[in-house]
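Beneath this line is the structure, given in structure tokens, with notes to follow.
The values are calculated or read from the model by the stated rules, or taken from the named source; none is laboratory data. Values in this document were obtained by computation on a predicted structure and should not be read as measured data. Quick reminder, even Gly has a Cβ in these numbers, built from the backbone with ideal geometry, and neighbours come from all protein chains shown.
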Amino acid sequence: MEAGLALGLPAAVAGGAIIALLLGLFGGGGSVLATPLLLYIVGISDPHVAIGTGAAAVAMNAAANLAVQARAGTVKWPCALSFAGAGLAGSLAGAVLAQRVDGQALLSAFALAMLAVGLAMLRPAKAEGDPAVRLDLPMTLKLVPAGLVVGLAAGFFGIGGGFLIVPGLMAATGMTLANAAASSLVSVMVFGVATAGTYAVAGRVDGPALLAMVAGGLIGVLAAKPLAPRLATRAALARRLFAIMVILTALYVGWRSLG
């Protein structure tokens, strides 16, 4: 654990709760907050360690949310596994590539990725779709390349990639937004494990900060379950407010990376 990090562990618990809550409510987007949280609030100084630790925490929080969604029957497993399986190779390659990039340059690229996430979330989400969708060959041929590209981005930036996975699943399969948000958690978990594993081998995962974020994540998972139905009528407003927060954070990360 880095010097002075102990003072930031309560913030890691709170951050883990928020990220897990957002994953449960939106299926993505919250993971982009993990790296800025670890760098500027928790106190980790190495961008690579922050990315590796954040990826591990997001993977574990996604797994907890996935267990809840699986019990509810909202996960379309064949589609989810096809997308995640294709993206696994991409996430491994992205994580290896990112570790060869200078820390400050990586933060600048991360800020641009965050900005893209925020802008994408400002677009209205389409809730219509087929709740009884079934995987077939034409659908698989769409899911595989999409998963590979999203996995590469997730591995490089150390993010879950839910903001790309959800629309990717909807476009390739025609499933509903609710099913896509639940199914995306499979990929978020797989990409996070692959990314974090690559960083862990290089000694770039902070154990105490990770445990604090996972502990907070359990709180977020429990909070997301009752909040999701209540948020349904105000989902668009909540999504816009969250997108604005992501955009402002991206601008801050970009400014700090240039300093």
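Tallying residues that are more than 12 Å from the chain's Cα centre (by Cα), within 26 Å of Ser108 (Cβ to Cβ) and buried (at least 24 other Cβ atoms within 10 Å of the Cβ) within the stretch 135-167 yields 1. Taking the numbered list (1) in a helix (DSSP H, G or I); (2) closer than 21 Å to Met170 by Cβ; (3) modelled with pLDDT of 90 or more in turn, Thr74 passes all entries but (1).
Within the stretch 93-127, being among the polar types (S, T, N, Q) and over 15 Å from Ala55 (Cβ atoms) holds for Gln104, Ser108.
Regarding the stretch 117-124, can at least one residue be identified that is of a type in the set (Gly, Ala, Ser) and exposed (fewer than 15 other Cβ atoms within 10 Å of the Cβ)? No; the residues of the stretch 117-124 include none that is of a type in the set (Gly, Ala, Ser) and exposed (fewer than 15 other Cβ atoms within 10 Å of the Cβ).
Take the residues in the stretch 111-134 that are at pLDDT below 90 and of a type in the set (Lys, Arg); name whichever of them is nearest to the chain's Cα centre (by Cα).
So in the stretch 111-134, the residues at pLDDT below 90 come out as 111-132.
After this cut, where a residue has to be of a type in the set (Lys, Arg) as well, the list is 123, 126.
On the way: Arg123: 18, Lys126: 20 Å.
If we take residues in the stretch 111-134 being at pLDDT below 90 and of a type in the set (Lys, Arg), then Arg123 is nearest to the chain's Cα centre (by Cα).
Residues that are part of a loop (DSSP other than H, G, I, E, B) and in contact (Cβ under 8 Å) with a residue 60 or more places away in the chain within the stretch 93-126 comprise Gln99, Pro124, Ala125, listed in sequence order.
Being within 19 Å of Leu25 (Cβ to Cβ), in contact (Cβ under 8 Å) with a residue 40 or more places away in the chain and of a type outside the set (Asp, Glu), is that true of even one residue in the stretch 127-141? It would help to see each step written out before you state the result.
Of the stretch 127-141, the ones within 19 Å of Leu25 (Cβ to Cβ) are 127, 129.
Filter once more, keeping what is in contact (Cβ under 8 Å) with a residue 40 or more places away in the chain: 127, 129.
If we keep only those that are of a type outside the set (Asp, Glu) too, we end up with 127, 129.
Within the stretch 127-141, one or more residues are within 19 Å of Leu25 (Cβ to Cβ), in contact (Cβ under 8 Å) with a residue 40 or more places away in the chain and of a type outside the set (Asp, Glu).
Within the stretch 55-105, the residues that satisfy the criterion of being under 15 Å from Ala180 (Cα atoms) and not hydrophobic (A, V, I, L, M, F, W, C) are Asn65, Gln69, Gly73, Thr74, Lys76, Pro78, Ser82. Tallying residues that are more than 16 Å from Leu92 (Cα to Cα) and either of a type in the set (A, V, I, L, M) or part of a helix (DSSP H, G or I) (or both) within the stretch 45-57 yields 4. Applying the set (1) surrounded by 22 or more Cβ atoms within 10 Å (Cβ to Cβ); (2) under 23 Å from Ala200 (Cα atoms) to Leu88 leaves exactly one unmet item: (1).
If only residues of the stretch 174-194 that are surrounded by fewer than 24 Cβ atoms within 10 Å (Cβ to Cβ) and out of contact with any Lys or Arg (no Cβ under 7 Å at 6 or more places or on another chain) are counted, the one that is nearest to Gly160 (Cα to Cα) is Met189. Cβ-Cβ distance below 6 Å, separation of 6 or more or different chains: which pairs start in the stretch 242-259 with a residue that is surrounded by 14 or more Cβ atoms within 10 Å (Cβ to Cβ) and end on one that is modelled with pLDDT of 85 or more and hydroxyl-bearing (Ser, Thr, Tyr)? The qualifying pairs are Ser257/Ser108. Please enumerate the residues belonging to the stretch 141-194 that are in contact with a helix residue (DSSP H, G or I) (Cβ under 7 Å, 6 or more places away or on another chain), farther than 15 Å from Gly54 by Cβ and not in a helix (DSSP H, G or I). Within the stretch 141-194, just Met175 meets the criteria.
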